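All of the numbers you see were taken from the coordinates with simple rules; none came from a lab. Remember, predicted model here, so these are calculated numbers, not experimental data. Quick reminder, even Gly has a Cβ in these numbers, built from the backbone with ideal geometry, and neighbours come from all protein chains shown.
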Amino acid sequence: MSGLCAGDSFRTDMSSSDIQPSPASPAKSDHSSGQAKANVVDNIWKACAYGDFDKLRALAAQDPALVNQPDEQGYYPLQWAALNNRVGVTNFLLENSAKPDTKDHTGQTALHWAAVRGSLQAAETLLRVGADPRLPDGKGYTICHVAAQYGQTAFLYHVALRWGADVDSADSDGRTPLHWAAYKGFTDTIRLLLVMDARFHLADKEGCTPLHWAAIRGNGEACTLLLQGGSASLLTALDVTGSTPSQLAIEKKHRCVQCAGVMQALLVLLKCCNAS
């Protein structure tokens, strides 16, 4: 994504977790015969992704070290299992010495991958053996950032309530899960984070609050929720380009008339209240 708003030459792109999910199961054509499936599931990483226990056991028996080896892309068997919520496979790998907090080349763990699809059972399995929910990846994303990026509200609620995951930590660019939820327009996630007292007023390295990013993307309902949650006090907040959320919304009016209108109306109301 590019060309977000005025000051594009400064403002960096909000680039979310770049995990490329594996399909939950082999392609339909692969079900036509056992031979076709065998051709598809031909290594331990695919066996973990597809939940092929027979293939997994056979491969692990041949070479036990495989459970802790990355594939050609640099991703580990436990990550593929966690992504696709393969609880049995996850348990098997852990019982065979897979390390729950192993990081891939991007700094992500199996828990980060579980957060992408909201794989609660796999995440719970990992957390019970000591996986650390606080670990950041190379961009400073914790599992809470990733869950917010993909709108996995139930996952976020579970890891925060049961495991004490921090829903309000900042990534390398100073953005919290609330920034990401606002940017992506995941309203249920925004509601949860506001209820959990996420800092709606926090500005990132570019001076943008969650309200700025919701306005930039034209996420009208997200803007409304943030304003109702306390962000009305930030209507005059300036980012590093000197722009308020409402100015950014107006600038992108072809995409966010609703959000611009709401903020303009509230801004007028605030001025009237202050004048009186």
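Which FRET efficiency, nearest 0.05, do Asp101 and Arg199 yield, Cβ-Cβ r, R0 30 Å?
Details: r = 27 Å, r/R0 = 0.91.
After rounding, the FRET efficiency stands at 0.65.
Sparsely packed loop sites in the range 145-194 (the trypsin sites (Lys or Arg not before Pro) outside DSSP H, G, I, E and B with at most 14 other Cβ atoms within 10 Å) do not occur.
Spin-label pair Arg128-Ala61: with each label point 7 Å from Cα along the Cα-Cβ axis, the two points sit 2.6 nm from one another. Given in Å, the Rg to one decimal and the Dmax to the nearest whole number for the Cα atoms of the range 95-159 are 10.9, 32. The listed peptides 214-222, 164-172, ordered by packing as a protection proxy, come out as 214-222, 164-172 (highest mean of other Cβ atoms within 10 Å first). Going down the table (Lys46/Lys252; Lys99/Lys139; Lys55/Lys99; Lys103/Lys252; Lys46/Lys184; Lys46/Lys205), which pairs top 32 Å between alpha carbons? Where the Cα-Cα span goes over 32 Å, the pairs concerned are Lys46/Lys252; Lys103/Lys252; Lys46/Lys205. Packing, taken as the mean count of other beta carbons within 10 Å per residue, orders the peptides 138-144, 203-209, 76-82 from highest to lowest as 76-82, 138-144, 203-209. Distance from the Cα centroid of the range 121-184 to that of the range 96-114 is 14 Å (rounded to whole angstrom). With the highest mean first, a sort of the peptides 145-156, 52-63 on other beta-carbon atoms found within 10 angstrom per residue produces 145-156, 52-63. If R0 equals 51 Å, the separation of the Cβ atoms of Leu238 and Arg162 corresponds to a calculated FRET efficiency of about 0.85.
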